[in-house]
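Accompanying notes for the structure given below.
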Amino acid sequence: MTFDLQPTLKNNLVKIVPLKTTDFEILYAVASDPLIWEQHPNKDRYQRKVFENFFEGAINSGGAFLVYDNETGEVIGSSRYYELDEENSSITVGYTFIGRGQWGKGHNKALKQLMFDHAFQHVDKVILHIGATNFRSQKASEKLGAQKVGEMDVAYYGEPSKLNFVYQVSKEDWTQKD
């Protein structure tokens with residue numbers, strides 16, 4: 001079975017659909033909040049020009065999503081699959097951001113649940129690259145059962161490389177956690 005990098009998936013809190021070029025303005029409306037990016041390695045991503053580059057990378061990745069809040073029907077963020085490594089049976093999940101109105105309400109967890117459940121139908125490991133100063137995302141990933149397995153410089157699309165922590169969730173741990 002081929003790994004579909006852009007399925008439409010839904011659970012009780014969120015729905016994810018493939019990101020399209022026509023989604024720029026609606027996604028930028030969420031991303032233009034500077035506080036979303038305050039712990040991120042690229043703190044300027046709320047600026048239109050910087051976000052245009054991020055969005056181009058998302059479209060070119062072939063694995064990016066638009067995230068909807070099921071209750072309101074509003075776009076609340078984005079995430080993506082990237083770096084599918086069939087030899088090591090892994091995929092990376094990242095570039096995730098959620099609007100502040102949904103912080104602490106389970107939307108990030110619901111999003112990752114959808115993406116991880118789908119990924120583990122095809123791979124044995126999910127990798128996360130998280131900025132070294134992005135404590136909020138590190139904590140959220142650890143709550144999902146991710147374990148820090150290393151550090152590396154990551155060059156985001158069209159941006160200079162920055163120190164990231166590498167987290168990993170194994171299929172075995174994911175399926176046994178509930």
(request) Take every Cα-Cα pair in the stretch 9-176 and report what % of them are more than 24 Å apart. (result) 29
(request) Please give the FRET efficiency for residue 121 paired with residue 152, using the beta carbon to beta carbon distance and R0 = 25 Å, rounded to the nearest 0.05. (result) 0.40
(request) Would you please calculate the Kirkwood hydrodynamic radius of the stretch 24-114 over all C-alpha pairs and express it in Å, rounded to one decimal? (result) 13.8
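Computed from the coordinates by the stated procedures, all read-outs in this text should not be read as laboratory data. Small disclaimer: the values here were computed from a predicted structure and weren't measured. We place every Cβ from the backbone using ideal geometry, glycine too, and count neighbours over all the protein chains shown.
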